[in-house]
Amino acid sequence: MTAEFGSLLREFRLRCSWTQEELAGKSGVSTHAISVLEAGRRQPRLSSVTRLADALALDPRRREQLLAAARGGSAPARPLAGPGTVRPLPRPHPSAPCQLPYDTRLFTGRARELDELLSLARSAPTGSACGMVVISAIDGMGGVGKSALAIRAAHRVRPQFPDGQLFVDLHGHTAGVAPVSPADALDWLLRSLGVPPRQIPEELSTRAALYRERLADTRTLIVLDNAASSAQVRPLLPGTPSCLVLITSRRRLTGLDDAHSLAVDPLPAPDAVALLRDAAGPDRVPIDHPAADELVELCGRLPLAIRIAAARLRHQRGLQLESLVELLRDEHHRLARLTDEDRSLTAVFATSFASLAPAEQDLLRLLARFPGHDIDTFAVAALADTDHRTAERLLESLLDHNLMVQRTPGRYQFHDLVGLYVRSTVEQQQTAEPDQDAPLHRLAGYYRYAAAQANEHLARRTRPGRRTEPTAPLALPALTDGAEALAWMRGEYRNLLALLDHPTVASLPWFTVSLSADLAAFLLLEGRWTQAAELHGSAVTAAAADGDRRGEADARCDLGRVRHATGDYRAAAELYEQALTIHQELGDRHGEANDLHELGRIRLLTGEIREAAWLHEQALDAFRALGDRLGEARALCDLGRTRHSSGDSPAAVELSSQVLDLYRTMGDRRGEAAALHDLAFILDEMGDRSSAGQFYQQALTIYQDLKSVQGIANTLRGLGRVRHAAGDHRGAAELHQRSLDACREAGSSHGEADSLLGLGRAREALGDSHEAAELYRQALALYQEIGSRLGETSTLLDLAVLTERTAGPRAALTLHQQALALARATDNPLDQARALEGAARCTLALGDRTAALAGMDDAVTLYRRLDSPAAAEAAARLSALRTEPAAAADGR
């Protein structure tokens, strides 16, 4: 019965499309044992049969069949095929050709792609939706493992095609070998099907007809490897269903209308590392070794490159993994080191390059000089000095040849190793042509113009007449509103900064100065302050060297705004003052108004409230005289903040309402969100929590639509304050934590300090005094570091109240007195009142009733003058202190 058992085991294995090795791996029974059992040369052990049945996931009937055959008894009779039954696989025809190449042991991953191909094989008997033969066209760049995938799939589905498995290497991209003509391929295929050479027709169409006739009504698998084009493979396709054709090509064969396209990408990182470990041999690549991850990335996660690198590790036992990584980090020699006895990535890429049309080769050489990450069709048009449609057509052709990749719609880039190959080719062929810098100069001109157009929708300041308008490029993307402008900037700013670092462009001071001005608003908006500081610093240097005084002043102002955003108020003030001096010397009223406004914002943050108010009033008058409504709205906004800080909150509300109306009239959503935030902040401090919450929520919705990280963080803090006032301290803590995370990610020191302060208040309210004190100390240190005396005062007051409760009145009194001194120095009456009230509580607890009375009296006077909600409660405490000292002390 061993023969019957072997035949049954083989049938069940082939139903799963498994090799003997795969069944061995899943069952734990050795490959040799399975081979012997299937050949009927050994009586099976029941323990092995059980493991095999479990691995094959046999249903109860088939399991009993296999066990009965193993025991030597009669297996239950097999029912006729019907619903729910599996038909036996057809046995191969004795003369059926099997030309499939060796299926490599080193095959990793590709589960999804294999599943797709196996599914196609199952549909082969009925054909495609059009009743045609099932075709899968597998495409991908050279070295990505297309042939290995096709061969693996062919071996898995081989039992389903008993009339033969044909294989032809069409040499579409083989170094030194011309592509096989359709006629020659048909000659080989017909001979393989048993047609005598003398009966093979000469004419191509007649050969193709005979080929289709021979394959009609057969179940044959045809693998056409390394195809050059659709025209090369079209005559090689069968004419009727039941056959499966697998085609591999470095090109996307878009001319095969009925084909199922399957793109093969570089391996995912885990699969790439697994391949490296398998190919390098035992113990050469330790599990979870970080150098392995870097090595496969240096190989571009291409199976061919990984196998070559692994072969070096396998054969050079003295070569350490880290040493190989170090060798491959050298971009100039990486490709040369990814070569062995008969495999070469350079040769693979060279054949792909040679198959291109001259215009495509020229474009690849130009793209090799592009210093950025990815590129769109408009920038390519400028680089190649052509129109948008031609650039798009050429790029799509390179995409079809798998020499470019498209990870984002509309944007193209090299695979890392292809980029290295093309750049090395260009370097070898470089000549001293007089116009070799022309492409990058054209690209710089395009980017200058496009960035200026985008900035018109993003800039928060008006700068008329800054420079001569550049010539419009041949092709320009649609930049008609803020959303399009922001999307373009987000896609291109890395390229713009990379282009600035290129030696050819770095020598153009006008480009640096121009780009600095046009990227300023975007970089500030996105919180990319390190990049902004480097860019504006370079622009200051370039403009000064070029004698461009106006450009220098503008760059100093932009650099000041970055220093302001990161909390370096002293440096920001110096830069604004320098810019103001230059703009005044030039008689540039617009530049002067911008500088006055920015300087006023710094003075407010450092507690110089009167000077801040004066500066904002001067800026407001200048903007109104210039007819600059955006500047007017900005100046009014900050003047409102100044009025609030000086204690005139009703005036601040009125000014903020005017600002809101102005922005809404202009259709400026970002300005509208800022005005809503300011209005909410003032109303919150005035005690109108309900209105404040509504305005904060409206602002948050706009900031989320605009994807403004800083705006969202600021508004989350505001909502956190409202939640805190409403008693939802846990919700407040969550909002402040989210704001803190965003500010730290963006590098906003002032925002980080504000978030720490709000989070500390929430933690204190939740009863975690120790954590609250630590958060207050962190906020205080940040405020002191950036020079924000207003923030320092607020934090001292909160820390003093907490200390009063946890450490006693004496330690708290010192903190209240420090806060009072700061509040007086910054002319901040509201914080003065809070500090006076806190100090009065402490002095009363320490037994000095006279000092307590005087302090509370001063606090109540200030609260009433400010029309503060705290006035009534403070007055009640003062009255109680005057009449019932004991009750006042108990009511702290």
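The numbers here are math on the coordinates, done by the rules we state, and not lab data. Everything numeric here is computed off the predicted structure, so don't read it as measured data. In this analysis, Cβ positions are derived from the backbone assuming ideal geometry, glycine residues included, and neighbour counts consider all displayed protein chains.
Mind pulling the angle between the C-alpha long axis of helix 649-666 and the longest principal axis of the chain? Nearest 10 degrees, somewhere in 0 to 90.
Orientation of helix 649-666: about 40 degrees from the principal axis.
Normalising by the residue count of the chain, find the relative contact order in percent from Cα pairs under 8 Å and 6+ residues apart.
For the chain, the relative contact order is 6 percent.
Taking θ as phi - 60°, what are the ³J(HN,Hα) couplings along region 266-271 by the Karplus curve (6.51, -1.76, 1.60), each to the nearest whole Hz, with x for Gly and Pro?
x, 5, x, 3, x, 5
Express in nm, to one decimal, how much length is gained between GLU203 and GLU654 on full extension, taking 0.36 nm for each residue of separation and deducting their alpha carbon distance. Walk me through the numbers before you get to the answer.
Numbers: separation 451, 0.36 × 451 = 162.36 nm, distance 9.09 nm.
Stretched fully, the GLU203-GLU654 segment lengthens by 153.3 nm.
Could you rank the peptides 549-557, 474-482 by their average count of other C-beta atoms within 10 Å per residue, with the highest value first? Working shown, then result.
Details: 549-557: 24.2, 474-482: 15.3.
Those peptides, ordered most packed to least, come out 549-557, 474-482.
Give me the distance between the Cα centres of region 469-492 and region 127-166, rounded to whole Å.
45
Based on the Cβ-Cβ distance from ASP387 to CYS98, what FRET efficiency comes out when R0 is 41 Å, to the nearest 0.05?
After rounding, the FRET efficiency stands at 0.20.
Rounded, prolate or oblate: which one fits region 356-429, using the alpha carbon gyration tensor with axes a ≥ b ≥ c (rounded when a/c is under 1.5, else prolate when a/b beats b/c, else oblate)?
Details: a/c = 1.44, a/b = 1.22, b/c = 1.18.
Rounded is the answer for region 356-429, as its axis ratio a/c remains below 1.5.
Arrange ILE786, ILE702 by Cβ neighbour counts within 10 Å, fewest through most, would you?
The most exposed by this proxy come first: ILE702, ILE786.
Can you give the FRET efficiency for GLU427 and LYS26, using 1/(1 + (r/R0)^6), R0 = 56 Å, r = Cβ-Cβ distance, to the nearest 0.05?
0.65
Which of the three applies to region 646-801, rounded, prolate or oblate, going by the alpha-carbon gyration tensor with a ≥ b ≥ c and a/c under 1.5 meaning rounded?
Because a/c hits 1.5 or more and a/b exceeds b/c, region 646-801 counts as prolate.
Report the per residue volume, in Å³, of the convex hull enclosing the C-alpha atoms of region 153-290.
Per residue, the Cα convex hull of region 153-290 comes to 162 Å³.
Taking the alpha-carbon centroid of each part, what is the distance from region 838-887 to region 795-830 in angstrom?
15
Describe numerically, in nm with one decimal, the distance between label points set 7 Å from Cα along Cα→Cβ at ALA825 and at ARG629.
The two pseudo-label positions are separated by 4.3 nm.
Residues with amide H under 5 Å of ALA216's amide H, sequence separation 5 or more or different chain, H placed in the peptide plane at 1.01 Å from N; which?
none
For the peptides 409-418, 135-144, 282-291, what is the packing order when you average, over each peptide's residues, the other Cβ atoms within 10 Å and list the highest mean first?
Ranked by mean Cβ neighbours within 10 Å, highest first: 135-144, 409-418, 282-291.
Among 747-759, 175-187, what's the highest-first ranking by average C-beta atoms within 10 angstrom per residue?
747-759, 175-187
Give me the one-decimal Kirkwood hydrodynamic radius in Å for the chain, with the sum taken over alpha-carbon pairs. Before the final figure, lay out the partial values.
Details: mean 1/r = 0.0295 Å⁻¹.
Evaluated over the chain, this radius sits at 33.9 Å.
Pull out the extension gain between SER181 and LEU46, defined as 0.36 nm times the separation in residues minus the alpha carbon to alpha carbon distance; nm, one decimal.
43.1 nm
Once the convex hull of the alpha carbons of region 117-195 is built, what does its volume come to per residue, in cubic angstrom?
That works out to 126 Å³ per residue.
Please list, by residue number, everything in region 820-839 whose backbone N is under 14 Å from a paramagnetic label point 7 Å out along Cα→Cβ of GLU685.
823-824, 826-835, by backbone N distance to the label point.
Please say if region 2-71 is rounded, prolate or oblate, where rounded means a/c under 1.5 for a ≥ b ≥ c the square roots of the C-alpha gyration tensor eigenvalues, and otherwise the choice is prolate for a/b larger than b/c and oblate otherwise?
rounded
What residues from region 568-589 fall in the zone where the backbone N is under 19 Å from a label point 7 Å along the Cα-to-C-beta line of GLU785?
568-573
If I stretch the segment between ASP661 and GLU734 completely, what's the gain in nm (0.36 nm per residue apart, minus their alpha carbon distance), one decimal?
23.1 nm
At what distance in angstrom do the alpha carbon centres of region 559-587 and region 641-716 lie from each other?
Going from one Cα centre to the other spans 26 Å.
Add -39500 (n - 2.57) for each DSSP H run of 4 or more in the chain, then divide by its residues: what number comes out at 222 nm, to the nearest 500 deg cm²/dmol? Walk me through the numbers before you get to the answer.
Working: 43 runs with 585 residues, N = 892.
Computed mean residue ellipticity for the chain: -21000 deg cm²/dmol.
Compute the FRET efficiency between ALA39 and ASP258 as 1/(1 + (r/R0)^6), taking r as their Cβ-Cβ distance and R0 = 41 Å, and round to the nearest 0.05.
E(calc), rounded to 0.05, equals 0.50.
At each listed q (0.26 Å⁻¹), what is the log10 of I(q)/I(0) that the Debye formula gives for region 269-346 modelled as equal alpha-carbon point scatterers?
Scattering profile of region 269-346, log10 relative to I(0): -1.40.
Using just the C-alpha positions of region 556-664 as equal point scatterers, what log10 of I(q)/I(0) does the Debye formula give at each q in 0.10, 0.15, 0.17 1/Å?
At q = 0.10, 0.15, 0.17 Å⁻¹ the computed log10 ratios are -0.26, -0.60, -0.76.
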